[in-house]
Amino acid sequence: MYKKILFCAAMALMVLSGCNSGNSGNKAASPAATPSASAASPTFEEVLKTRRSIRSYDASKKITEAEVRTLLTAVQEAPSWANQQPTKYYVAIGKEKLEAVQNLVGGNKDRIINAPVLIVSTFEKGKSGFFDGKALNEIGEGWGAYDNGLSNCYLIMQARAMGFDTLIMGMRDSDGLRKEFNIPAEETVMAVIALGYRAGEPKQPGHRPFDEVVKFF
Ligand SMILES: Cc1cc2nc3c(=O)[nH]c(=O)nc-3n(C[C@H](O)[C@H](O)[C@H](O)COP(=O)(O)O)c2cc1C
């Protein structure tokens, strides 16, 4: 019982300490608990609280193809419209492909230069939200993007659970990526996600007031 109370108090402290507002800056700020540092198997709350967009990676730490396979296998658990699973991933892990992708993320280049893996996500058009080739409602291809976002959310959370860090990049050259990976016209190129290990602790981003974004009726 005593142990349980201590654990709850520790969790509450951890949650509260993550509530500082500030900019989602790049480099070191106050240290935060990291899953890899605190436990072999982080709690879901630890994953949520320590996942941040990381804009500076540790060049000395590598990630293996086997680890990326484990990560993306877990991502296959993500829900999707009628289980259409429209999301696809193109993984740059070799030196040449990494360099090519680094040059296709615009101003993000310096942020992800030391990330050992860069993952391009796409979704197949005409699947989620469609039946017999027709859009089922006004959202249309937006449901494909929705499913892609869900898969990518699984990706960044599972990555954190494995002790990795990520940066989702919407600033990217979709035509260049399409050419580089021979991505067919039937797929929409979405985000590039950097995967690696943080080089320092990021600042906590500020959040909008809860009541501004949540309404109860
Ligand atoms: C769809 C999407 C696109 C993003 N594009 C970029 C980007 O191109 N460059 C970047 O540095 N951060 C990018 N971000 C990261 C956001 O800036 C970040 O999630 C936000 O500031 C909150 O910080 P946090 O992820 O640490 O909670 C993107 C995030 C999302 C979800």
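The numbers here are math on the coordinates, done by the rules we state, and not lab data. Everything quoted here is computed from the prediction, not taken from an experiment. Here the Cβ positions follow ideal geometry from the backbone for every residue, glycine too, while neighbour counts run over all protein chains shown.
Taking the range 53-196 on its own, what percent of its Cα-Cα pair distances exceed 19 Å? Across the range 53-196, Cα pairs with separations above 19 Å total 50 percent. Amide H to amide H, with H built 1.01 Å from N, F164 comes under 5 Å of no residue 5 or more places away or on another chain. May I ask you to compute the full-extension gain from A82 to I113, defined as 0.36 nm times their residue separation minus their alpha-carbon distance, rounded to one decimal in nm? Once the chain is fully extended between A82 and I113, it gains 7.4 nm. For the pair E45 and N182, label points projected 7 Å from Cα toward Cβ lie 4.9 nm apart. Listed values for the range 62-73 are Karplus-derived 3J(HN,Hα) couplings in whole Hz (6.51 cos²θ - 1.76 cosθ + 1.60, θ = phi - 60°), namely 9, 10, 8, 4, 4, 5, 5, 5, 4, 4, 6, 5, and x replaces Gly and Pro. Note on F216 and I139: the model spin-label points, each 7 Å out from Cα along the C-beta direction, lie 2.6 nm apart. Relative protection proxy for 141-152, 67-78, 192-203, from highest mean packing down: 192-203, 141-152, 67-78 (other beta-carbon atoms within 10 angstrom). Each residue of the range 42-53 was assigned a 3J(HN,Hα) from its phi angle through the Karplus curve 6.51 cos²θ - 1.76 cosθ + 1.60 (θ = phi - 60°); the sequence is x, 6, 4, 5, 5, 4, 4, 6, 9, 5, 9, 6 Hz, with glycine and proline shown as x. Rounded to whole numbers, the Karplus 3J(HN,Hα) couplings from phi for the range 109-125 are 3, 5, 6, 10, 4, 9, 6, x, 9, 10, 10, 8, 10, 9, 9, 6, 6 Hz, using 6.51 cos²θ - 1.76 cosθ + 1.60 with θ = phi - 60°, and x at Gly and Pro. Run the paramagnetic zone check for H207: 7 angstrom along Cα to Cβ, then residues of the range 155-171 with backbone nitrogen under 15 Å. No residues fall inside that zone. On full extension, the segment bounded by Y89 and F131 gains 12.7 nm, given 0.36 nm per residue less the C-alpha separation. Prolate is the label for the range 54-136. Its Cα gyration tensor axes, ordered a ≥ b ≥ c, give a/c of at least 1.5 and a/b above b/c. For the residue pairs K61/K125; K88/K215; K61/K88, alpha carbon separations beyond 32 Å are given by K61/K125; K88/K215. Between S53 and any residue 5 or more places off or on another chain, the built amide H atoms are never under 5 Å apart. Among K49, K134, K88, sorting on how many other beta-carbon atoms sit within 10 Å of each Cβ, with the fewest leading, yields K134, K88, K49.
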